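Just so it is clear, none of the values below were taken in a lab; they were calculated from the coordinates. None of these values were measured; they are calculated from a predicted model. Glycine gets a Cβ as well: all are built from the backbone with ideal geometry, and neighbour counts include every protein chain shown.
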Amino acid sequence: MLLRVNGPKDLLAGLIFIVFGLATFWKSHDYEVGSALEMGPGYFPAAMGVVLTILGIAAIARGLTLKVADPITPHKLEPLLLIFGGIIAFSLLIETTGLLIAAAVLIAMACYRRLRSNPLEVLAIYVGLTGFSAFLFVYLFEMQLPLFWWR
Amino acid sequence: MGVFDNILHGFAVALTPTNLMFCWIGALLGTVVGVLPGINVLTTFAILLPLTFKIDPTAAIVMLSGVYYGAHHSLSTTSIMLNMPGEPSGVVICFDGYPMARQGRAGAALATAALSSFFAGCVGIVIIAFFAPALADASLWFQAPEYTAVCILALIGASVVTSKSKINTLGMAVIGLILGTVGTDIHTGVARFTFGTLELDEGFDFVSFAAGLFAFVEIAFRLGSYDAQVQIKTKLRDLIPRWPDIKAAAMPTVRGTALGAALGVLPGTGPFVASYSAYALESRIAKDPSRFGKGAIEGVAAPEAANNASAFTHYIPMLTLGIPAGAVFSMLMGALMMHGIQPGPEIMTKHPDLFWGLIASMWLGNLMLLVLNLPLIGVWIKLLETPYRFIYPAILLLTCIGCYAVHFRVFDIQVAAFVLLVGYVLEKLDCAPGPVIIAMILGPILEENMRRAMLISGGDATVFLRRPISAFFLLLSVALIVTYVVPTFRRSKKKPGPESLVEAGHAE
C-alpha cells in the first residue's frame, strides 16, 4: 500500500512526527502545564508536541497529494549496522579495555570488508590513527583517556 | 575608548603566540576540511569541541572561527576545479568557475576567488568591528517579545532554505526544540523528560547530536550508496590573473560584498541566499548576460565575495543578540557557553579581550588564507584526491573520542550511536538535520523569552504583534513560510529555481 503512494518519504516522516509529537504532548502532562500567563515546565513541550503533530499531518497531506512519484532510494544497510555496532562496541570498551583495543574493534568493524581484501592497509590505518589520537588527546592535551586497561 | 583603540587592543590579544598559533591551526584545518571530501565544518567542530575546553576561551573561539572561515575560503577550490560544491553556496561558484577551468583559466578563476574573498572578508570584519557595538546598544530595544520573534525567524529561516522537504525540515526544527527541553527546567527545577536518568539532568549534549547527525550519518550514507565513487584527477596551469581579469572582477566583487554583508546580518538567511542573490544581480546588470554560465569572471567574483562577506556578518546576530545564524554558530555558541561565557550583547563589555581578539584574529586569519591558499593550491588539489576509504575511519575514531571526552561518559557516545540510527532514517525521509542542532541551542532561549513575554504582557499573545520589531520579524517568518513552504503543496514538477540548485549542491 505504502509503495503506491507518490510521496512515501513524506508519509513516513509525517507518521514519525505525529507519533513523536503526541508522545511529547502526553508526557508533558507529567509536569505542570500552567496557563499562557504563567507557563509551567510542561507548557512549552506540550505546545511543541502539538506543532509537531500538525507538521506531521501536513507532511502526510503532501505525501498523499504529490503528483510525481518520489520513491525512497535504496541503500546498503550493512555499513550503517557495522558502524553503529562499532560505535557501541567502542563505548563499551573505552573504559574497560582502553583506547587501543576499543579503537581496534571500531576500525575493524568500520573497515570490515577491507579487512579480508587488504588487511595491511587496515592495520596501517589503525596504527596511524591510534598513534595520532594518543599523541593528540593523551600526550598533547593530557586527557584522562585510558590507553590500556591498567591505566 | 574608540573603536580604533579597541581594534589595537584586539591585535595585541590576537598576536600573542598562543592565539596566533590557534588562529593558524584553525585556518589551515578549515582549508583542509573545505577540500577533503566527506568532512565539513560541523564534523570538525564535533571533533574539536572537547579539545577546546583545555584551552583558553579566546584561543578556542579563534581556532573554531578559523576552521569556519577557512572552509568558506576553500569552498571555491572544489567548485572551480571539479564542479563539486562542498556546501550549497558553492553551487553558484560552479556555474562559471568550472567552465573557466575547462577553458584552461582555472588559475585565473582560483586567484579571482581568493582575492575577492579576501576583500569581502576584510569588509565583513570591518562591519563587525564598527556595527556590532552599535547594534549591541540597539539590543536594549530587544526584550522578551523581540527575542522570541527573532528566535522563531532564525529557526524558520534555517529550516526552509534547504534542498530537502521543507515541511519535514521544519519538523526537524521542532524535534530539536523538544530535545532542547530535556533536562532540569531553570524556573521550577523540575527534571523534564529525563526518565530518571542522572545523565540527562543537564539535558542532551549537543556534541553527541552533532557527531551523530553530521559525522556518522554522512559516513553511513556514503558507504551505503550504490553510486560508484568517482576518482578525481585534476590539472592546473597558470595561477597569476591577468590585468583584464582583475579589472573585470573588481566591481562585481564590491557589489557582491555589499549584498552579502547586508544579507548576512539577518538571522535566517544562509550563505546560499547571499551568493545566489549576488549571482542573479550580476547576470541581470551585465551588458552581455549570455556570457554567464560559460565562464564569466564576474560570475565567480561576485558570489564568492557575497559568500565570504556574509560568512563574517553572520557573526553579528550571535555577538550582539546571542542568536545563532546557523548550525555552525549554534556550535560556536555552545563552545562559548561551555566556557561559562554567554554570547550576547554583554560579550563586548564583559569579555572585550575575546570579542576584539576574535575580530583581529579574523583579519589575520584572512591574510594567512590568502598567503596559504594561492601558492599551495597544488597541495590542496592533491588533497582533493585522497580516497574516502582513508578519511572515514579517521572521522569515525576522532568523533567517538571527541564525544567521550566532553564529559568522559560513555553515555554520550551511545547517544550519538542512536542519533545515527534515527538520523539515518530521517535523512532518508528527506529531513535536513541542521535545524535540530540550531533548535537545541535556541530552544531554551525561545522558551525562556516566551514565558517572560507572556508574563509581562499579562497572558496577552498580541504583545508580539503590537511591538514593531517583533511584529517585523514575525512578518518576515510568515513571508518565508509563504514563499518556501506553501508552493511545495502546489508544485507538481520541479522547475529550475533556487531549490533545485541547492539540490545540485547536495548531490555531490
*Could you work out the longest stretch of chain B that avoids the chymotrypsin sites (Phe, Trp or Tyr not before Pro) located in DSSP loops with at most 16 other Cβ atoms within 10 Å?*
B:227-407
*In degrees between 0 and 90, to the nearest 10, how far off the longest principal axis of chain B does helix B:498-507 point, with axes built from Cα atoms?*
80
*With a 10 Å Cβ neighbour count serving as the proxy for reagent exposure, in which order, fewest first, do B:Ile391, B:Ile445, B:Ile167 appear?*
B:Ile391, B:Ile445, B:Ile167
*Across the residues of B:387-398, average count of Cβ atoms on other protein chains within 10 Å?*
6
*Quick one: helix A:99-110 against the long Cα principal axis of chain A, what's the angle to the nearest 10°, folded into 0 to 90?*
60
_Sites matching trypsin sites (Lys or Arg not before Pro) across segment B:33-111 that sit in DSSP coil, with at most 13 neighbouring C-beta atoms within 10 Å_ = none
*Give me the Kirkwood hydrodynamic radius of the protein assembly as shown, using the inverse of the mean 1/r over all pairs of distinct Cα atoms, in Å to one decimal.*
25.4
_Going by Cα centres, segment B:365-428 and segment A:9-37 are how many Å apart?_
33
_GluC sites (Glu not before Pro) restricted to segment A:93-151 and DSSP loop, no more than 16 other C-beta within 10 Å_ = A:Glu95, A:Glu142
_Cβ charges +1 (Lys, Arg) and -1 (Asp, Glu), total dipole of chain A, debye_ = 700
*Give, as a single signed number, the net charge of other residues whose beta carbon lies under 11 Å from the beta carbon of A:Val122, with Lys and Arg counted +1 and Asp and Glu -1.*
+3
*Between rounded, prolate and oblate, where does segment B:3-507 land on the alpha carbon gyration tensor, with a ≥ b ≥ c its root eigenvalues, rounded for a/c under 1.5, else prolate if a/b exceeds b/c?*
rounded
_Mean separation of Cα contacts under 8 Å (6+ apart) over length of segment B:3-507, as relative contact order %_ = 31
*Return one number: the angle in degrees, 0 to 90 and rounded to the nearest 10, between the long axis of the Cα atoms of helix B:298-313 and the longest principal axis of the Cα atoms of chain B.*
30
*How do B:Ser163, B:Ser275 line up, fewest other C-beta atoms within 10 Å first?*
B:Ser163, B:Ser275
*Ranking of B:Thr169, B:Thr349, A:Thr53 by count of other Cβ atoms within 10 Å, fewest first*: B:Thr349, A:Thr53, B:Thr169
*State the number of lysine pairs found in segment B:3-507 whose Cα atoms come within less than 23 Å, restricting to pairs 8 or more positions apart or on distinct chains.*
19
_So if I average 1/r over every pair of distinct C-alpha atoms in segment B:13-144 and take the inverse, what Kirkwood radius in Å does that give?_
16.4
*Approximate spin-label separation B:Gln342-A:Val138, in nm, with each point projected 7 Å along Cα-to-Cβ*: 4.1
